[in-house]
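Asks: Let me begin by handing over the structure; questions about it come next.
Every number here is computed from the coordinates shown, using simple stated rules; none is lab data. The shown structure was predicted, so the numbers you read here are calculated from the model rather than taken from an experiment. Backbone-built Cβ (ideal geometry, glycine too); neighbour counts: all protein chains shown.
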Amino acid sequence: MQEIPLTQILFVSTALFFIGMYGLFTRRNLITMLMSIELMLNSVNINFVAFNKYLFPDNLDGIFFTLFIITIAAAEAAVAIAIIINLYRSHNSIDVDDASEMKY
Amino acid sequence: MMNYNILIQLRQELALALLIFILLFIKLGKDRSNESILNFINMALLINLGAGFCCHETGELFNGMFNTNALIVFEKNLLNLALFIISMQSFAWLKNNKNLIEFYILTFTSLMGMFFMISSGNLLMFYLGLEMSTIPLAAAANFDLTKRKSSEAAMKLILSSAFSSAILLLGISFLYGTTGTLTFSIITAHINGNPLQLFAFILLISGFAFKISAVPFHLWTADVYEGSPVAVTAFLSVISKAAVLFTLVNLLYKVFTPIADTWYLVLVVLAAVTILIGNLFALRQDNFKRFLAYSSIAQVGFILIGISGSSQAGSASLIYFILIYIFSNLAAFGVVSMVSALTGKENISDFNGFYKTNPMLSWVLTIALFSLAGVPPTAGFFGKLFLMMAGAAKGNYGIIIFAALNMVVSFYYYLKVVKSIFMDENNTPLEKLEVPTVSKIAMYICVVGVIVTGLASVVYDYINSLSFGL
């Protein structure tokens, strides 16, 4: 069976990263922006696993890094959602454009 | 046989972890008055600071993931000192706050993350420390739960820091892909400057630039500083910046040595833009915290010039400047936090005629601003001088002249504040403030620090003896 080359996997992960970045810059809903950041982190996960499997299969550095990224992304999401809930209480909205009192 | 080495090498982290546990038990236990808790915490922080100086030992733990030496211990002591001063200054603000223990738990956790980040000898450890230091800070920025600006600031901080750590992670993943390891010492041997490694380096340095708010990545800074409570702003602007800068120097001088020419250019461009934009925006601010935010951006520009010198002097002048920056910036934040906690006013125009009613606070603020601007008798002048000299070692005098000219611009906005304190007429100046004794002591420490670190050459010599070069 033919193996998928590394470059194609890297292409997917890079595309995913920039789709996430695009989402972060264009979406105005805070939850969607958070999801975009998760997308970026997941593309990094793909990178790590692919590098580990294709180039350095002897040790598991990349796989372990992925586990830690997943854990920390969960912690980050927990704090971010708590902050968004508190923002909703004071602003009655989770649109970033409504939370723009401070400028310049 | 039990190995006691681990206890000695990890003692600063373990002390903080112990403090966090004690605080959790105080929180669970019977009600105590806020003042007694605050006094206890301040005492504990003082003991923690003193114990930090007791012994230092070179070594590494966990297969090189964590390493420590005299320089790293000294850097951690600096951060402990800054936290101690901030804690004493926020006495008036925390005295009436029923959630004060949470504030300390968040800041201690963040500081512990920074300690691990400074000591890291492995990219995984570095990333964990970085996240451990930023996530609690976002929660702390939202500490004034009912204030609209506070939640806006926290939202901006968590989104931008998550974004920056995603960029940093992409850089780390490419670095891993090209070198096959996460350990700093092995990565150095594999760096040869191929395009993918350069791309990884650019991503890494962008992530760092976010955290130290160097210019193309500074947009979150002013908003977060303005919205957060003053104690958190002081923490962000001094401790978190200092920790990331220490790590940056460690990475640049020890890991990215083979591409030193590349990162020299990157640092010089970043420094020039950072100084210029920071100064220009600081000129037009009226809110004191926003003003200090832009002034701290400009200071980071000067620090980057010193780092670009890539010598022992570069590393030593950075730590020396951070020491001075702790004293002078915290003195300024101390006065602002006092005024903010007691009157709720944070604008520079509110300080008109401040000298008539509060001469002591006025002098503290003036000395702090003189030191930030770099007026000779204060330590700030020597700090900037050493940074410039370290930067000039590379022979690129254009950037040094540019920075010196920008120092003149910065005099204008620092002295404008001094003018409004001493000279401007105001029919309704701020009333006389009752400063708690603890906060007074913190301010005296800062003022003495600003003067003594400038005049006593022992300090710089000691730091220089600890530092390392390229």
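Asks: Within segment B:403-441, which trypsin sites (Lys or Arg not before Pro) sit in a loop by DSSP and count at most 15 neighbouring Cβ atoms inside 10 Å?
Replies: Qualifying residues, ordered by number: B:Lys432.
Asks: Below 8 Å between Cα atoms, with a sequence gap of 6+, how large is the relative contact order for chain B in percent?
Replies: RCO, chain B: 16 percent.
Asks: So what are segment B:120-165's ellipsoid semi-axes, whole angstrom, largest first, if each one is the square root of 5 times an eigenvalue of the alpha-carbon gyration tensor?
Replies: Largest first, segment B:120-165 gives 26, 10, 4 Å.
Asks: Now for a separate question. Pull up all non-local amide H partners of B:Phe66: gap of 5 or more, or a different chain, and H-to-H distance under 5 Å with H placed in the peptide plane.
Replies: B:Leu61, B:Gly121
Asks: Now for a different question. Quick one: if you stick a label point 7 Å off each Cα along the C-beta vector at A:His91 and B:Glu425, how many nm between them?
Replies: Label at A:His91, label at B:Glu425, 4.3 nm between them.
Asks: Please get the size of the charge dipole for segment B:5-466, origin at its Cα centre, with Cβ charges of +1 on Lys and Arg and -1 on Asp and Glu, quoted in debye to the nearest 20.
Replies: 380
Asks: Using a 7 Å offset from the Cα along the Cα-to-Cβ direction at both B:Asn5 and A:Glu3, what is the distance between the two label points in nm, to one decimal?
Replies: 3.9
Asks: Still on this structure, I have one more. Could you derive backbone 3J(HN,Hα) for segment B:197-210 from the dihedral phi with the Karplus parameters 6.51, -1.76 and 1.60 (θ = phi - 60°), listing whole Hz in sequence and x where the residue is Gly or Pro?
Replies: Values per residue, Gly and Pro as x: 5, 5, 4, 4, 5, 4, 5, 4, 5, 5, x, 5, 4, 4 Hz.
Asks: Take every residue in peptide B:132-145, count the Cβ atoms of other chains within 10 Å of its Cβ, and give the average of those counts.
Replies: 2
Asks: How much length would be gained if the chain were fully extended between B:Trp363 and B:Leu14, taking 0.36 nm per residue of separation minus their Cα-Cα distance, in nm to one decimal?
Replies: Extra length from B:Trp363 to B:Leu14 when fully extended: 121.8 nm.
Asks: Let me ask something else about it. Over all directions, how big on average is the projection of the convex hull of the alpha-carbon atoms in segment B:1-107, in square nanometres?
Replies: 7.9
Asks: Of the chymotrypsin sites (Phe, Trp or Tyr not before Pro) in segment B:1-40, which ones lie in a loop per DSSP and count no more than 14 other C-beta atoms within 10 Å?
Replies: Here the chymotrypsin sites (Phe, Trp or Tyr not before Pro) that fit, given the DSSP loop and packing criteria, are B:Tyr4.
Asks: Could you tell me which GluC sites (Glu not before Pro) in segment B:13-105 are loop residues by DSSP with no more than 14 other beta carbons within 10 angstrom of their beta carbon?
Replies: Here the sparse-neighbourhood loop sites are B:Glu57.
Asks: Ranked from highest to lowest mean number of other Cβ atoms within 10 Å per residue, what is the order of the peptides B:122-130, B:279-287, B:300-308?
Replies: Highest to lowest by the protection proxy: B:300-308, B:122-130, B:279-287.
Asks: Moving to a separate point now. Taking each pair of distinct Cα atoms in segment B:401-470 once, what is the resulting Kirkwood hydrodynamic radius in Å?
Replies: Answer for segment B:401-470: a Kirkwood hydrodynamic radius of 16.5 Å.
Asks: Using modelled amide H (1.01 Å from N, peptide plane; none on Pro or chain starts), what sits under 5 Å from the amide H of B:Asn287, excluding residues fewer than 5 places away?
Replies: When sequence neighbours closer than 5 places are left aside, the close amide H contacts are B:Ile348.
Asks: So how strong a dipole does the protein assembly as shown carry about its Cα centre when Lys and Arg Cβ are +1 and Asp and Glu Cβ are -1, to the nearest 20 debye?
Replies: So the dipole magnitude of the protein assembly as shown works out to roughly 760 debye.
Asks: For segment A:6-94, what is the relative contact order in percent, using Cα pairs closer than 8 Å and at least 6 residues apart in sequence?
Replies: 27
Asks: When the Karplus curve 6.51 cos²θ - 1.76 cosθ + 1.60 is applied with θ = phi - 60°, which whole-Hz ³J(HN,Hα) does each residue of segment B:448-463 get, with x for Gly and Pro?
Replies: In residue order, the calculated couplings are 4, x, 4, 7, 5, 4, x, 8, 8, 6, 4, 4, 5, 4, 4, 4 Hz.
Asks: How large is Rg/Rh for segment B:90-223, to two decimals, with Cα atoms and a Kirkwood Rh?
Replies: 1.07
Asks: Let me ask you something else. Given bins 10 angstrom wide, list per bin the percent of all Cα-Cα distances in segment B:259-364, short to long.
Replies: For segment B:259-364, the binned pair fractions read 14, 35, 29, 16, 6, 1 percent.
Asks: Quick check: pseudo-label points 7 Å beyond the Cα along Cα→Cβ at A:Tyr22 and B:Asn34, how many nm apart are they?
Replies: Label at A:Tyr22, label at B:Asn34, 5.0 nm between them.
Asks: Could you please state, rounded to a whole Å, how far the C-alpha centre of segment B:339-406 is from the C-alpha centre of segment B:142-221?
Replies: Centre-to-centre (Cα) distance: 29 Å.
Asks: Roughly how crowded by other chains is peptide A:93-102, in terms of the mean Cβ count from those chains within 10 Å of each of its Cβ atoms?
Replies: 4
Asks: Quick check on the exposure proxy: order B:Ser240, A:Ser100, B:Ser371 from fewest to most C-beta atoms within 10 angstrom.
Replies: In increasing order of surrounding Cβ atoms, one gets A:Ser100, B:Ser240, B:Ser371.
Asks: Need one number for chain B: average projected area of the convex hull over its C-alpha atoms, nm².
Replies: Mean projected area for chain B: 21.7 nm², to one decimal.
Asks: I need the phi-derived Karplus couplings for segment B:368-383: 6.51 cos²θ - 1.76 cosθ + 1.60, θ = phi - 60°, integer Hz, Gly and Pro marked x.
Replies: With coefficients 6.51, -1.76 and 1.60, one gets 4, 5, 4, 5, 5, 6, x, 7, x, x, 7, 5, x, 4, 5, x Hz.
Asks: Cross-link list B:Lys289/B:Lys356; B:Lys98/B:Lys241; A:Lys103/B:Lys416; B:Lys289/B:Lys394; B:Lys76/B:Lys156: which exceed 31 angstrom alpha carbon to alpha carbon?
Replies: B:Lys289/B:Lys394
Asks: Could I ask something else about it? Any idea what the alpha-carbon Rg over 2.2 N^0.38 Å comes to for the protein assembly as shown?
Replies: Cα-based Rg divided by the globular estimate yields 0.94.
Asks: I'd like to know which of B:Ile135, B:Val249, B:Thr221 lies farthest towards the positive end of the charge dipole of segment B:5-466, counting +1 on Cβ of Lys and Arg and -1 on Cβ of Asp and Glu.
Replies: B:Thr221
Asks: Separate question: Excluding residues on the same chain fewer than 8 positions from B:Lys149, give the aspartates and glutamates whose Cα lies under 16 Å from its Cα.
Replies: Within the straight-line limit of under 16 Å, B:Lys149 reaches these aspartates and glutamates: A:Asp95, A:Asp97, A:Asp98, A:Glu101, B:Asp223, B:Glu226, B:Glu346.
Asks: If you project the alpha carbons of chain A onto the principal axes, what extent comes out on each, in Å, largest first?
Replies: The Cα atoms of chain A stretch 56, 28, 24 Å along the principal axes, largest first.
Asks: Now a separate question. Have a look at A:Phe68, A:Asn92, A:Thr32 and report the one farthest towards the positive end of the charge dipole of segment A:6-94, computed about the Cα centre with Cβ charges (Lys/Arg +1, Asp/Glu -1).
Replies: The residue sitting most towards the positive pole is A:Asn92.
Asks: In peptide B:154-164, how many Cβ atoms from other protein chains are near each Cβ within 10 Å, on average?
Replies: Per-residue shielding by partner chains comes out at 6.
Asks: Nearest 0.05, what FRET efficiency do B:Thr262 and A:Ala15 give at R0 = 25 Å with Cβ-Cβ as r?
Replies: Working from the Cβ atoms, E equals 0.40.
Asks: Please list the non-local residues whose amide H lies under 5 Å from the amide H of B:Val375, H modeled 1.01 Å from N, same-chain partners needing a gap of 5 or more.
Replies: Under 5 Å from the amide H of B:Val375: B:Phe381.
Asks: Rounded to the nearest 0.05, what FRET efficiency do B:Leu415 and A:Ala82 have when you use their Cβ-Cβ distance and R0 = 56 Å?
Replies: Computed FRET efficiency for B:Leu415 and A:Ala82: 0.85.
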